[in-house]
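Heads up: the structure comes next, in structure tokens.
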């Protein structure tokens, strides 16, 4: 499908306004808007490398993906210190971006969300409302293939520092991811409250249940020559589900707003 520069600009404007999204929930199920991702990808073919340097910082990129410009009327608090928000990303009024952070094209950041320092939100990632993405955390981008679902962090979740949420993982509403937890498409999550591993959804995606409190853990090797050796593999563990005490400990950022 041939995509014109006019169509590309139209979709970019819709993404930045929040009226178009790469993925959205329909009847409780996340669905990817394949056409929108195809338009974003077309932007790389349509663009030419241009000198977009700012002051002392050299910056050479496709002219179809300049850094976004914000004003006070946008209602986004962008603290000085070197953050970049790329064209085609939506950042809602009331969001806070601490420096240095990077939000890539196609990403969505909802109202009241804190993007802390050294955070990367990858292309097309969907981050909901009233979320704290703590310092040095990476929310992985999923741009290709066009039909692939992006990484999703639902409303009210809390993601601790130095975490990595990648490869189309879904973190459900009000889940708490403790510092240092890494979740990929091949990461098994153990629920210590049930004694079972969390089942993947119908699409085979890793899903952190709503309200789950997840910490780093390990599981022993039980197969092969290393079985019984005492060597363990990394495994995130659900230690409990969110309660009033947990909620109180993860809303301190409200004092900074």
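The values are calculated or read from the model by the stated rules, or taken from the named source; none is laboratory data. In this text the structure is predicted, and so the values were computed from the model without any measurement. In this analysis, Cβ positions are derived from the backbone assuming ideal geometry, glycine residues included, and neighbour counts consider all displayed protein chains.
Across the stretch 99-118, the qualifying residues are those that are touching a residue at least 40 places away in the same chain (Cβ under 8 Å) and part of a strand (DSSP E or B), and the one among them that is surrounded by the most Cβ atoms within 10 Å (Cβ to Cβ) is 108. Considering every residue within the stretch 77-89, establish whether at least one is out of contact with any strand residue (DSSP E or B) (no Cβ under 7 Å at 6 or more places or on another chain), crowded, with 16+ Cβ neighbours inside 10 Å, in a loop (DSSP other than H, G, I, E, B) and on the phi > 0 side of the Ramachandran plot. Yes, the stretch 77-89 contains a residue that is out of contact with any strand residue (DSSP E or B) (no Cβ under 7 Å at 6 or more places or on another chain), crowded, with 16+ Cβ neighbours inside 10 Å, in a loop (DSSP other than H, G, I, E, B) and on the phi > 0 side of the Ramachandran plot. May I ask you to list the residues in the stretch 133-158 that are farther than 11 Å from residue 182 by Cα and not in a loop (DSSP other than H, G, I, E, B)? Correct list: 133, 152, 153, 158. Check the stretch 196-208 and report whether any residue there is over 29 Å from residue 32 (Cβ atoms) and touching a strand residue (DSSP E or B) at 6+ places or on another chain (Cβ under 7 Å). Looking for residues that are over 29 Å from residue 32 (Cβ atoms) and touching a strand residue (DSSP E or B) at 6+ places or on another chain (Cβ under 7 Å), one finds none in the stretch 196-208, hence no.
Please state which one of 133, 96, 153 is in contact (Cβ under 8 Å) with a residue 24 or more places away in the chain, in contact with a helix residue (DSSP H, G or I) (Cβ under 8 Å, 6 or more places away or on another chain) and buried (at least 19 other Cβ atoms within 10 Å of the Cβ). Lay out the reasoning, then the answer.
On the way: 133 fails: in contact with a helix residue (DSSP H, G or I) (Cβ under 8 Å, 6 or more places away or on another chain); 153 fails: in contact with a helix residue (DSSP H, G or I) (Cβ under 8 Å, 6 or more places away or on another chain).
None of the others qualify; the one that does is 96.
Looking across the stretch 1-20 at every residue that is outside any helix (DSSP H, G or I) and without any contact (Cβ under 8 Å) to a residue 40 or more places away in the chain, the one that is surrounded by the fewest Cβ atoms within 10 Å (Cβ to Cβ) is identified as 2. Across the stretch 188-208, which residue is nearest to residue 240 (Cα to Cα) among those that are in a loop (DSSP other than H, G, I, E, B) and under 17 Å from the mean Cα position of the chain (by Cα)? Looking at residues that are in a loop (DSSP other than H, G, I, E, B) and under 17 Å from the mean Cα position of the chain (by Cα), I get 206.
Out of the residues in the stretch 121-130 meeting the condition of being within 19 Å of residue 174 (Cβ to Cβ) and either more than 8 Å from the chain's Cα centre (by Cα) or at pLDDT below 95 (or both), tell me which one is surrounded by the fewest Cβ atoms within 10 Å (Cβ to Cβ). Full working, then the answer.
We begin by selecting, within the stretch 121-130, every residue within 19 Å of residue 174 (Cβ to Cβ); these are 125-130.
This time we only want the ones that are either more than 8 Å from the chain's Cα centre (by Cα) or at pLDDT below 95 (or both), so: 128-130.
Values: 128: 21, 129: 17, 130: 19.
Ranking the qualifying residues of the stretch 121-130, first place goes to 129.
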